[in-house]
Structure formats: structure tokens, C-alpha cells
Ligand SMILES: [Zn+2]
Ligand SMILES: [Zn+2]
């Protein structure tokens, strides 16, 4: 499979054992839903396309595996006569200094002059032709309306598909998860989707996304690769132009530490006591096409490598993925992935919280870092109540997992009726059909209870914090700083001010929650006092509370829509817009 | 691939007097913003084919589609539209699901070597762990961004 599979880190194997153990335990969790299971083979065939910002996973539902296609156009310095679209990059002789044209900006398609040719390539004769099949295509959460308009137009008018359905990748992952572990179809679960552009935490209750529990962390694989590029360029070679190569270095060498402080102690050692440091042989695109970790015991190889450039990787191996868990490491004002899961669970109705903790699913490329699963598990275990059962499931292939969810989707009773046909698109237009896509698997029927609960949750967390379960404030660190302060006088350095750091800022719209956070960055490192937290939460909860009666439906009575609302049409929605799973 | 063993990027040894110069909060913020932009950038270098007349090789939409304004919307515009529409319809928007700040105190790593950085630079606030790393920092990245 991928490079991760070939490496033999002790980290990896322990992680995998965890996974197997979880699997075994899990299979005893719920008795298989046998009556549904035996039900009908898939009679409906479709082209399933999980169109991610970094890779597209495409294939006919009858195929065993999807094809993985880079979602970009690349330009090589060595070949000035051509462009490389998607997998054509395999034909490129020299991949140094590759220049990327990416269709997505922070996960959302904005460059259609790049996206269209890549899709053309994906749907071409030799890759994944559509023919007359229905198309199931993914879109990111909260996909913007004009992007959806474009997608409708391209698929119906340019590709002339007969019928189409569009949904979030995690909707598919949820179906696959229930199927794979033989759980109830609507098992409550939290999906952590950590991809190229960002990381989403999405709770599903009764088979639907629970909107108030969703969190987005603006850290993804792209940021990690760029950070690795930056620190290598500062410390060793200038590799700023080698995104392609350094991304492979990241995939081949990085892992998630169980305990960063302990790991740093080992990385500080010299000689054989440091089992972290690795030499990485960079590709020269002459003899070596893909870089790899040097084997210190293979002396034959060593001679061959003499002319190669070697990268030395030490604490970089685990400090880079750490950003997912502590975005504040690079000055980003955001909680980390495990905190976000906790936050997400506590934002859901109380009676569901414990069930959600039992079913946490990890998908997306970042989950392939060795140690990722066990770290998330450990962090969650320490932050969630002891009495709760916590299960974290990492699929064998967290990248194609969503694509694999296409088959259970097609097996869903009456799914055929949910496909939007070309005729319907032409008659009803984009807005109506988009409503059909966007109200699928969504629930915020309990939004009105939100503000009270939010405050309670914070109080609860504060209590935990005072018990140092949550905050994990390291007193040892503080004492070190005090010691340092004394030394500073002699060294004529500034004493590190309490809480001072690399000045975190708001990054444009991404970080501005509309609560004036831009201006508060100065005190951002102080622990917020309780009233502050509550007022901020309340404000935010209010914002959410104002939410959607008209946008989303689900458990709500279907009839409660106004009569001119087309979602009320029995013809359009034979089963209602609610969940039927 | 040929990468020259680089000397550290940039290297202006600061004069003693300059050491007193302190980068103000605004410039530090600006520097941080630049770093964040760099971390989200698609490429560090310029298009290697920029000097070629390649544009006609890129498959394009036909003209009628090309004219659609929706295709050229900037991301900020999309976010703003989404926010406005969400407000009008009282629904959760893209911006609402952004993670909150962490209540945990930030950790500090040496910008030069990556180990725990207990000291901070007098001029710019960057973290480092020892005198050696401080010197390296002062020789390279310190104040480089402030200009
Ligand atoms: Zn250092
Ligand atoms: Zn400095």
C-alpha cells in the first residue's frame, strides 16, 4: 500500500495492535443487525467520486478498490512542454521543484480552470468513465452555494450525467463504519476527518449530523508539510521548492508521540540511545526516484548512497504532527484535535454523549501517522469521565474509507428515489436540488436547548481543569522558567514573560469568530476566567441558537414546512427529508 | 534533485546597538500572519513555465461558461455570502463551526533546534533554548520579518 505500511517502527506495530484489539472488542459490542444485513445485493450501480482537495478517490461501485488521483495539475522544471494532470505525474522523470496548481483553497473549490481539467481526466476513458451511471460525488461540509451551482452545472450540463447525488464524505464514512463493524445503521458516532486542508469533528446522532456539535480545526496535511519544509530549510537544506519530496518525507518519517516531553528527552540523546533520529535519502531522480529511510546496517546500499543527499530527521519527526494536537505550537489560536472531540461530544444532547464516546471513527490521511490513534485515545481517555467507555476506531485505509461507503449507500432502501435526475435539475433548478442534497443527514432539532447546556459544559470542564485532568498544566515547566529567569540576568536576555510567546494572531476570517477576537490576542495566552468563557460561549451559543428552522428538518414533522416549500413535495421527497436509515 | 547545502537563510549579524531594537506588537502580529500564509501556500517558488506561452495548453471552459461570474469568486467573498445567508436563514454557517481557543497554556519550542525553548528573544519574542541557538537566531531570522 503506502509507505507507512512498509516501515517497521515499533510505534506503528503497537498502534496496529491497538487497532486489532479494538476491532475484536468492537465486534462484540453490537449484535449484527441480521435482517437488514441479509437484504438484497446491490442492484444499483454508480460512479462514486470522493473529491478531496488533495486526492480524488474514484471508481465504479462494482469495483473492489477506488483509484487514487492527485487533485491537481503539476508543472515540472525538467519538462517544459507539458502539464501533468492527476496521475500523469507518474510519467514525470524528474519531480524536483514541482509546481502545483491546486483547485481548492482551504478545502473549497475556487479555481475552476484547474478543477475542470482534473475532473475531465478522472472521468476519461481510461480512468473512471461515467457512461450512463448515476454519479455520487462528495462535497465539503458547508459547501458554498456558488460552488454547488458550478458543480451542478458541470455534472449535468457538461458531463450530462443522468442522475447525481452529492453528500459529505463523512456521510459515506458513517455508513461504511456501521456496515464494517456490524453496528446499528444509525449508531451514534463521532467522525474525525483529518485531511489535507483541515480537520473536521462531526457527531452523528440517529444517523444525522448534529450541527451544534461540529467543529473545524484549520490544520491539515498541507500545513504540516509546509511547516516541515520550513524547519528543514532553516536547519539543513533549502527545500522550500520541494513540496512534493518533503510531503513524502513527512509520510515516510513522521509519527505522533505518546508523550512529547519524554520523546524530546530521547531525541536530545546522542548515539544509540537516540532511537528516534533517522537519515533520509533524498531522491535524485536519477538512480533514486523516491526517497527512503537509510538502513544503517546495509553497507552495500551505503556506498551507493554516498553521492546522495541525506536529510537528518530527529525531533522533526514528531514535532510536526504535534500541531494537530496543539495548534498553539505555531501560534494558532485554536484547540487541538482531541480537545475538539471532547468539545464536540459535550455539545451534543446529554443522553447521547456517552454513546458517542463509544464510537469515534478516524478518517483522512493524517490518521496514517503511526501513533495517531493511540494518542487520540490517550488524550480522550484523560479528558472524558472515567466511567465512560471510549473506543477509537482507525480503518485499515482511512483515505479510501469514504469511497468504500458508496456501496452501503447504494444498498440503502429506495436510494434510487433520492438521486436527482437531469430532468429534475432542468425543471427545478439548482436551488431546489441543492436543498435536497444539503438537508440530507442533518439534524439540529434540539438546537433550542443549546445555550444552557453550553455553559454547563464549561463549568464541568473548569472543574476538570482544577483537578488538572483537563489542563495538564505542567508545574515542572513553570519551575524551569523560574530558574531560567534567574539565569537571564547573567545572560542579559529577557526573562520569558509569563505566557509570552510567538504572538498568536487571528488569521483573517478563519480565526475571527465575530467576537472581536482579533483585538484580544494580547491576552490570548492567559487562561480565560470563568465569566469570560461563559459570556463568550453564550454569545456563540446564541448565534447558533438562532439557527435553522427552515434549513434543516429531520425529526421535525415534515408537514411543519410552509406549504410553498418544495421540500414538502411528496414527489420530490417520497420518504420525507427526514432520516430513513 | 540538486539542493545546495545551504548556509542558513539570510545572515546579517546584528550590530550590538541593534540588539536593543524591539519589534512592536503590530509587527509581531504581521510576522505571524506571514508565517501562517506561508503555511497555507501552494508553492514557494514562481511558476517554472511562466516565461512560456503555455496558457493555450491548459484546457479551458468554452467561452459561455467562462463568462459565468460564479467561477471566479474569491474565497473571502464566498465566506461572506455564506455568513450573510446563514444569518438570514438563521442557520449554522461555515464560520460558526470554527474551533474555539484552547484553555491549555501554549507550549514553547526553540525555533532553531526544535527542543523546548525556555527563553524568548528580547527583540522579537521568538523562542530559543540556549546561547548557541540565540546566536543563530540573531544571525538569521531575528528582525528579518520586521522590515
Ligand atoms: Zn535550541
Ligand atoms: Zn529575535
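The values are calculated or read from the model by the stated rules, or taken from the named source; none is laboratory data. Only a predicted model underlies this, so the values are computations on that prediction, with no experimental measurement involved. Cβ atoms come from the backbone with ideal geometry, glycine included; neighbour counts cover every protein chain shown.
Exactly one of these conditions fails for residue A:143: (1) part of a loop (DSSP other than H, G, I, E, B); (2) buried (at least 23 other Cβ atoms within 10 Å of the Cβ). Give me its number.
The one condition residue A:143 does not meet is (2).
Filter segment A:309-347 down to residues that are assigned to a loop (DSSP other than H, G, I, E, B), over 18 Å from residue A:258 (Cβ atoms) and within 9 Å of chain B (Cβ to nearest Cβ), then give me how many there are. Reasoning before the result, please.
Taking segment A:309-347 first, the residues assigned to a loop (DSSP other than H, G, I, E, B) are A:309, A:314-315, A:326, A:331, A:333-336, A:347.
Okay, now just the ones that are also over 18 Å from residue A:258 (Cβ atoms), so A:309, A:331, A:333-335, A:347.
Within this subset, residues satisfying the condition of being within 9 Å of chain B (Cβ to nearest Cβ) are A:309, A:331, A:333-335.
Qualifying residue count, segment A:309-347: 5.
Look through A:151, A:164 and report the one residue that is in a strand (DSSP E or B) and over 21 Å from the mean Cα position of the chain (by Cα).
Checking each option against the conditions leaves just A:164.
Return the residues of segment B:124-142 that are surrounded by fewer than 21 Cβ atoms within 10 Å (Cβ to Cβ), more than 20 Å from residue B:106 (Cβ to Cβ) and either modelled with pLDDT under 90 or more than 13 Å from ligand 1 (Cβ to nearest atom) (or both); say none if nothing qualifies.
B:139, B:140
Would you mind telling me which numbered condition in (1) part of a strand (DSSP E or B); (2) within 13 Å of chain B (Cβ to nearest Cβ) residue A:261 fails?
(1)
Looking at residue A:53, is it within 15 Å of residue A:408 (Cα to Cα) and modelled with pLDDT of 95 or more?
Against the criterion (within 15 Å of residue A:408 (Cα to Cα) and modelled with pLDDT of 95 or more), residue A:53 does not qualify.
Kindly list the number of the only condition in (1) under 16 Å from residue A:329 (Cα atoms); (2) within 12 Å of another protein chain (Cβ to nearest Cβ); (3) surrounded by fewer than 20 Cβ atoms within 10 Å (Cβ to Cβ) that fails for residue A:238.
Condition (1) is where residue A:238 drops out.
Considering only residues of segment B:90-114 that are near ligand 1 (Cβ under 10 Å from one of its atoms) and under 22 Å from residue A:219 (Cβ atoms), which is farthest from the other protein chains (Cβ to nearest Cβ)?
Per the criteria, the residue is B:110.
Please find, among A:116, A:81, A:77, the residue that is closer than 26 Å to residue A:198 by Cα and within 13 Å of chain B (Cβ to nearest Cβ). Show your work before the answer.
Details: A:81 fails: closer than 26 Å to residue A:198 by Cα; A:77 fails: closer than 26 Å to residue A:198 by Cα.
Selected residue: A:116, the only one of A:116, A:81, A:77 that is closer than 26 Å to residue A:198 by Cα and within 13 Å of chain B (Cβ to nearest Cβ).
Only one of (1) within 14 Å of ligand 2 (Cβ to nearest atom); (2) surrounded by 21 or more Cβ atoms within 10 Å (Cβ to Cβ); (3) not in a loop (DSSP other than H, G, I, E, B) fails for residue B:86. Which number is that?
Just one mismatch for residue B:86, condition (1).
Taking the criterion of being in contact with a strand residue (DSSP E or B) (Cβ under 9 Å, 6 or more places away or on another chain), at the interface with chain B (Cβ under 10 Å from one of its Cβ atoms) and farther than 26 Å from residue B:39 by Cα, would at least one residue in segment A:276-296 satisfy it?
Looking for residues that are in contact with a strand residue (DSSP E or B) (Cβ under 9 Å, 6 or more places away or on another chain), at the interface with chain B (Cβ under 10 Å from one of its Cβ atoms) and farther than 26 Å from residue B:39 by Cα, one finds at least one in segment A:276-296, hence yes.
Restricting to segment A:344-361, and then to whatever is in contact with a strand residue (DSSP E or B) (Cβ under 6 Å, 6 or more places away or on another chain) and surrounded by fewer than 24 Cβ atoms within 10 Å (Cβ to Cβ), can you tell me which residue is nearest to residue B:104 (Cα to Cα)?
A:348
Failed condition for residue A:98, given (1) touching a strand residue (DSSP E or B) at 6+ places or on another chain (Cβ under 9 Å); (2) surrounded by fewer than 19 Cβ atoms within 10 Å (Cβ to Cβ), with all others met?
Among (1) touching a strand residue (DSSP E or B) at 6+ places or on another chain (Cβ under 9 Å); (2) surrounded by fewer than 19 Cβ atoms within 10 Å (Cβ to Cβ), the lone unmet condition for residue A:98 is (2).
Can residue A:385 be described as at pLDDT below 95 and either within 30 Å of residue A:265 (Cα to Cα) or out of contact with any strand residue (DSSP E or B) (no Cβ under 6 Å at 6 or more places or on another chain) (or both)?
no
Which residues, counting only those in segment B:115-142, are in a helix (DSSP H, G or I), away from ligand 2 (no atom under 11 Å from the Cβ) and within 9 Å of chain A (Cβ to nearest Cβ)?
Listed by number, the list holds a single entry, B:131.
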